[in-house]
Amino acid sequence: MEEIVIKGGNRLEGKVLIKGSKNSILPILAASILATEGKSVIYDVPNLKDVENLIEIIEYLGVKIDREDNMITIDATCMNRYDATIDCVSELRASLFLLGPIIARFGFSEISQPGGCAIGIRPIDLHLKGLEALGVVFDKSHGVIKGKADGLKGARIYLDFPSVGATENLMMAASISEGQTILENVAEEPEIVDLANYLNNMGARITGAGTNMIKIHGVTKLKGTVHTVIPDRIEAGTYMIAVAAAGGNVLIENVIADHLKPVLAKLREAGVSVEEEFEGIRVKSEGSRGCKGITIKTMPYPGFPTDMQAQMLGMLLCADGRSSVTETIFERRFQHIEEFRKMGADIIMAGNTVALTGTEKIDGTIVYASDLRAGAALIIAGLYAEGETRVGNVHFIDRGYDRLVENLRSLGADINRVQR
Ligand code: UD1
């Protein structure tokens, strides 16, 4: 079994280049299967387990995918299956992105029901309700969702919650439909805009992405195109917080500051120096002990991202005074708390809020990642903990960080992957 071992205490210095966004490339890969003409070429594809798994499922559907470094070429003209029911589908939540595009293309789909996960129940009702409004009839039995539609028809759909995945699924499906679709109370994340740009370059007619209302004028077919994925704002934010926690001076390159407004604001509030430069964002910090306690509440974009909650907590364990963090997006996204306590953190939890009082120091020990971002947060704490921190469940971290250990080591951290 693999572990990540960190000896705390080193400052971080230098620069780090951010890769393409995980949460953009996953729906973009799914949207690629809508092209019945030509190939798509996608640049800046991160090297992640989630991406590898989704590619495997798409290839199973008959699509040809070639990968060369960070570029992939997708030929979906030869796609010949509508059943995504192989084993890994139910384990990979992103496989749900295939539901809308497969039905839009074939009028049928069969997909294994994705399970819940460590961070919450993760229902898919908004995806199904929206697709039903477009004319899909679903049958769910034995863990498989079967969908059928005699051509999709535009509709007016109001999402009860601005779900990122549901917004993306509906945008993809409605792109190939008859008439106009209006999606209301949708998610406004930068990844939605990236997907809309990609679909529009394929020939779709989508307006309003990035606001809470999206209009889609259905077309009859889409073709392959060329696209570069936006930088990963969560990866960028993770490195910023790592520098803030460990102390140091690092330039984060290939980052769109506008996508990280709440994270930058909270880092500044905590007393961290965050400056935009021509090549990227420079973060300078004296480390967790030099930070001030702050209050955070996760919200849909443009609010503070739930995907940064754990890392921010990881930075605040020794901050001066009290911090409070409220999680409003997922029900069970505080499993890292118990691991932080093992390191000596002073944390109290009540409902969906945790109150934290900064301690003089935290100690390295054996801890386990409960999900992707919790794993990053434990590494961040390990960077300034006294002694050695061993982080288990490394597979979660590989789902969403490309070369995290190597990058932190190149910045000066004492960090290694080892076989236990
Ligand atoms: C996406 C991101 C994930 C991020 C999350 C919230 C990807 C691949 N993943 O996940 O990193 O943490 O947005 O920013 O882009 N919900 C329902 N019914 C549904 C769908 C969602 O009740 O049909 C609820 C969820 O349980 C959750 C909330 O809506 O409480 C937000 O989920 P959603 O925005 O859909 O997250 P994902 O798209 O799964």
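The values are calculated or read from the model by the stated rules, or taken from the named source; none is laboratory data. Quick caveat: nothing in here was measured; it's all calculated off a predicted structure. As a convention, Cβ positions derive from the backbone with ideal geometry for all residues, glycine included, and neighbour counts pool all protein chains shown. In case anyone asks, the SASA skips ligands and DNA or RNA and just uses the protein heavy atoms, side chains included. Shrake-Rupley method; radii C 1.70, N 1.55, O 1.52, S 1.80 Å.
Assorted remarks:
- Over the stretch 169-223, all Cα pairs binned in 5 Å intervals from 0 give whole-percent P(r) values of 5, 24, 36, 24, 10, 2, listed from short to long.
- Computed label-point distance, nm, for sites Ala355 and Arg122 using a 7 Å Cα→Cβ extension: 3.3 nm
- Percent of C-alpha pairs per 5 Å bin in the stretch 68-220, short distances first: 2, 10, 19, 22, 21, 16, 8, 2, 0.
- DSSP beta bridges in the chain [antiparallel fraction, %, rounded to 5]: 70 percent
- Computed E for Ser324/Lys261 - FRET, C-beta separation, R0 25 angstrom, nearest 0.05: 0.75
- Considering helices alone, the calculated mean residue ellipticity of the chain at 222 nm is -9000 deg cm²/dmol, with DSSP H runs of length four and up weighted by -39500 (n - 2.57) and normalised per residue.
- The chain - percent relative contact order, Cα under 8 Å, separation 6 or more: 21 percent
- List His217, His395, ordered by accessible area with a 1.4 Å probe, largest first: His395, His217
- Taking N as its residue count, the alpha carbon Rg of the stretch 231-315 over 2.2 N^0.38 Å: 0.97
- Accessible area, probe 1.4 Å, largest first, for residues Arg322, Arg67: Arg322, Arg67
- Where the Cα pairs of the stretch 274-420 fall when distances are cut into 10 Å bins, in %: 11, 41, 38, 10, 0
- Candidate residues Glu110, Glu276: accessible-area rank, largest first, probe 1.4 Å: Glu276, Glu110
- Thr353 - accessible surface, heavy atoms, 1.4 Å probe, Å² rounded to 10: 40 Å²
- Relative contact order [Cα under 8 Å, 6+ residues apart], the stretch 262-420, whole percent: 17 percent
- About the Cα centre, charge dipole magnitude for the chain (Lys/Arg +1, Asp/Glu -1 at Cβ), debye: 460 debye
- Once the 1.4 Å probe is applied to the protein heavy atoms, the chain comes out at 39 Å² accessible per residue.
- Label zone at Glu279 (point 7 Å along Cα-to-Cβ), backbone N below 16 Å, the stretch 1-43: 13-19
- Placing +1 on the Cβ of every Lys and Arg and -1 on the Cβ of every Asp and Glu, with no other charges, gives the stretch 22-228 a dipole of roughly 560 debye about its Cα centre.
- Violating pairs (Cα-Cα greater than 30 angstrom) within the set Lys140/Lys261; Lys15/Lys261; Lys49/Lys261; Lys15/Lys64; Lys223/Lys297: Lys140/Lys261; Lys15/Lys64; Lys223/Lys297
- Efficiency of FRET from Cβ geometry, Lys15 and Ser141, R₀ 45 Å, rounded to 0.05: 0.30
- For the stretch 81-98, 3J(HN,Hα) computed residue by residue from phi via the Karplus equation (6.51, -1.76, 1.60; θ = phi - 60°) reads 10, 10, 10, 9, 10, 5, 3, 5, 4, 5, 7, 9, 4, 5, 5, 4, 4, 7 Hz, glycine and proline entered as x.
- Paired Rg and Dmax values of the stretch 1-69, which use every Cα atom, in angstrom: 16.7, 55
- Relative to its residue count, the chain spans a Cα convex hull of 125 Å³ per residue.
- Among Gly62, Gly314, Gly143: highest mean-square fluctuation, GNM of the chain, C-alpha pairs under 10 Å: Gly143
- 0 to 90° range, to nearest 10: angle between helix 49-60 axis and the chain longest Cα axis: 20 degrees
- Here the gap between Asn201 and Arg268, fully extended at 0.36 nm per residue and compared with their Cα-Cα distance, gives a gain of 20.4 nm.
- Zone of Glu178's modelled label, taken as backbone nitrogen in the stretch 217-236 under 17 Å from a point 7 Å along Cα→Cβ: 217-221
- Taking every alpha-carbon pair under 8 Å whose residues sit at least 6 apart, the stretch 22-228 reaches a relative contact order of 22 percent.
- The heavy atoms of Thr36 offer some 60 square angstrom of accessible surface to a 1.4 angstrom probe.
- Cα-based convex hull, the stretch 139-191, per residue volume (Å³, whole number): 105 Å³
- In terms of Cα atoms, the Rg and Dmax of the stretch 207-273 work out to 17.5, 54 Å.
- Sequence ranges 154-162, 16-24, ranked by mean other-Cβ count within 10 angstrom, highest first: 16-24, 154-162
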